[in-house]
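Novice: Have a look at the structure that comes next, please.
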2 protein chains.
Amino acid sequence: MEIKVLRKVLDAYDTMAADNREVFAKNDVFVLNLMSSPGSGKTTLLEKTLAHLDGDIRTAVIVGDICSTHDADRLARSGVPVVQINTDQFGGDCHLAAHVIREAATNIDLERIDLLVVENVGNLVCPAEFDIGEDRRAVVLSVTEGEDKPIKYPLMFRVCDVALLNKVDLLPYLDYDLELVVSNIHSVHADMPVFELSAKTEEGLEPWLTWLKGQVWNKKRK
Amino acid sequence: MEIKVLRKVLDAYDTMAADNREVFAKNDVFVLNLMSSPGSGKTTLLEKTLAHLDGDIRTAVIVGDICSTHDADRLARSGVPVVQINTDQFGGDCHLAAHVIREAATNIDLERIDLLVVENVGNLVCPAEFDIGEDRRAVVLSVTEGEDKPIKYPLMFRVCDVALLNKVDLLPYLDYDLELVVSNIHSVHADMPVFELSAKTEEGLEPWLTWLKGQVWNKKRK
């Protein structure tokens, strides 16, 4: 009986994710699920990304945190619509699930945006297990976190479509093997695109922006 | 009925943690639960700690990872007994729970050690919710992760007894406010001891070692 209950819950999650996907498609909105460990630089990357998309692509952001509105406050300065989800209202959840995204999205005028970025809760494990109805998933990995993370947290790297290797401005001060981390990423997800960049200095930001814009326009054309 | 089932599971966890605590006390073993985000430097800190405890305090380590034996391989070089738990055998769990620790501990001769360190799965959220029967909890926070993490992940900082601010050797290359992070830590956990250190350069390691040794001997004396 326990298994039955669990199955029912999982089915409900899948249904909600499919429903979200339909709503986003109907409104021609491309959805990116941005995930990483705490402190790998998702918010700074997003600030810089929003600044460079300005004018080209109309964007909104949903930010997930267990508590606080730090990230939403930072992102709101970009002038785009930002909705903060605090999961402590949902039991302190360590991830965002489809029904939470659904509720948050009702606060956004989907007809007036092209891109919705979901900045997930900082966690390299649990968010990887939850389909929220997104089009693409991106994982941010800071070079300060070591080269072994793709091997130790393979599900995240398997489910994501692109990896962003952040904080490369710190490479001169670290013992870090760029070739090793890329080979570790490719050992769990062959041919995954990897962008090496620094959100802080904006080094390497351009290829990532080009990729993202391409993804958004591809969906629009369909 | 769902609530009943959940209550039963939670009770079972508490009972297992209490059982572990009794087993550890009977064998005069102090247990430290070491937690942090992925890549904040738990394993390097532990390598250096083991090297400096050598001779004084007989130690064993249980290492939790979703998969791989990277960390156990590194720690085994210290010459102490190391048991690796791969949680992918337990559904890819994002934390270590009491029953998993119980099973792992059967591989360690508890009568011959003073200190058992549990290096938890890299995750700043979920491990904070699980009592494994430890005596003390330590959270490692890398200065590369930003100052806001105690505010965004307060449970972890509330349940821990000590915070280790790691990678201070990188401070010259970061925009980081040490006073701010300490005040953020103390806003969620007043008077929590905070040790600023670099596991890599061993700067600031001594106060942490003194604290840890004091904790172990305190338990022995009881």
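Novice: What are the nm distances, shortest first, from residue B:27 to its equivalents in the other copies, labels at 7 Å along Cα→Cβ?
Specialist: Result for residue B:27, in nm, nearest copy first: 5.6.
Novice: Under a point spin-label approximation (7 Å from Cα along Cα-to-Cβ), what is the residue A:210-residue B:76 distance to one decimal in nm?
Specialist: Label at residue A:210, label at residue B:76, 4.5 nm between them.
Novice: Past 31 Å, Cα to Cα: identify those pairs from A:167/A:213; A:219/B:42; A:152/B:167, in the order given.
Specialist: Details: A:167/A:213 22 Å; A:219/B:42 42 Å; A:152/B:167 21 Å.
Those over the limit are A:219/B:42.
Novice: What FRET efficiency, computed as 1/(1 + (r/R0)^6) with R0 = 41 Å and r the Cβ-Cβ distance, is obtained for residue B:171 and residue B:25, rounded to the nearest 0.05?
Specialist: Details: r = 40 Å, r/R0 = 0.97.
Computed FRET efficiency for residue B:171 and residue B:25 comes out at 0.55.
Novice: Count charges around residue A:34 for me, please; just the other residues with Cβ under 9 Å from its Cβ, Lys/Arg as +1, Asp/Glu as -1.
Specialist: Numbers: positive: A:42, A:137; negative: A:119.
That sum, taken over residues with Cβ under 9 Å, equals +1.
Novice: Provide an ascending nm list, one decimal, of label-point separations from residue B:11 to the equivalent residue in each further copy; define each label point as 7 Å from Cα along Cα→Cβ.
Specialist: Nearest first, the other copies' label points are 3.0 nm away.
Novice: Taking only Cα atoms and a 10 Å spring cutoff, compute GNM fluctuations for chain B and point out the largest among B:19, B:88, B:135.
Specialist: B:88
Novice: How much FRET efficiency would the formula 1/(1 + (r/R0)^6) give for residue A:51 and residue A:217, where r is the Cβ-Cβ distance and R0 is 22 Å, rounded to 0.05?
Specialist: Working: r = 19 Å, r/R0 = 0.87.
Here the calculated transfer efficiency is 0.70.
Novice: Averaged over A:174-184, how many beta carbons belonging to a partner chain fall within 10 Å of each residue's beta carbon?
Specialist: Numbers: counts 6, 1, 0, 0, 0, 0, 0, 0, 0, 0, 0.
Rounded to a whole number, the mean comes out at 1.
Novice: Can you give the FRET efficiency to the nearest 0.05 for residue A:111 and residue A:12, using r as the Cβ-Cβ distance and R₀ = 30 Å? Intermediate values should be presented prior to the final figure.
Specialist: Values: r = 27 Å, r/R0 = 0.91.
With a Förster radius of 30 Å, E is 0.65.
Novice: Something else now. I need the inter-copy label distances for residue B:74: point set 7 Å along Cα to C-beta, values in nm with one decimal, smallest first.
Specialist: Sorted ascending, the copy-to-copy spacings read 2.5 nm.
Novice: A further question on this structure: Mind giving me the nanometre distance, one decimal, between the label points for residue A:69 and residue A:188, set 7 Å out from Cα along Cα→Cβ?
Specialist: Going by the 7 Å Cα→Cβ label model, 3.5 nm.
Novice: For chain A, set up a Gaussian network in which alpha carbons nearer than 10 Å are linked by springs, and say which option among A:70, A:95, A:186 fluctuates the most.
Specialist: A:70
Novice: How large is the dipole of segment A:118-222 about the Cα centre if only Lys and Arg carry +1 and Asp and Glu carry -1, each at its Cβ, rounded to the nearest 20 debye?
Specialist: Magnitude of the dipole: close to 620 debye.
Novice: If you put +1 on each Lys and Arg Cβ and -1 on each Asp and Glu Cβ, how big is the dipole of chain B around its Cα centre, in Debye rounded to 20? Don't skip to the answer; put the middle values down first.
Specialist: On the way: 24 positive and 36 negative charges, 121 e Å.
Roughly 580 debye for chain B.
Novice: So if I take the centroid of the Cα atoms in segment A:164-220 and the same for segment B:53-100, what is the distance between those two points in Å?
Specialist: About 31 Å separates the Cα centre of segment A:164-220 from the one of segment B:53-100.
Novice: While we're looking at this one, here's another question. With point charges of +1 on the Cβ of Lys and Arg and -1 on the Cβ of Asp and Glu, referenced to the Cα centre of the protein assembly as shown, which listed residue (B:53, A:50, A:38) lies farthest in the positive direction of the dipole?
Specialist: My answer, from the dipole projection, is A:38.
Values quoted throughout were computed directly from the atomic coordinates according to the rules given, and no laboratory measurement underlies them. Remember, it's a predicted structure, so these values are computed and weren't measured experimentally. A quick note on method: Cβ atoms are made from the backbone with ideal geometry, for glycine too, and the neighbour counts reach across all protein chains shown.
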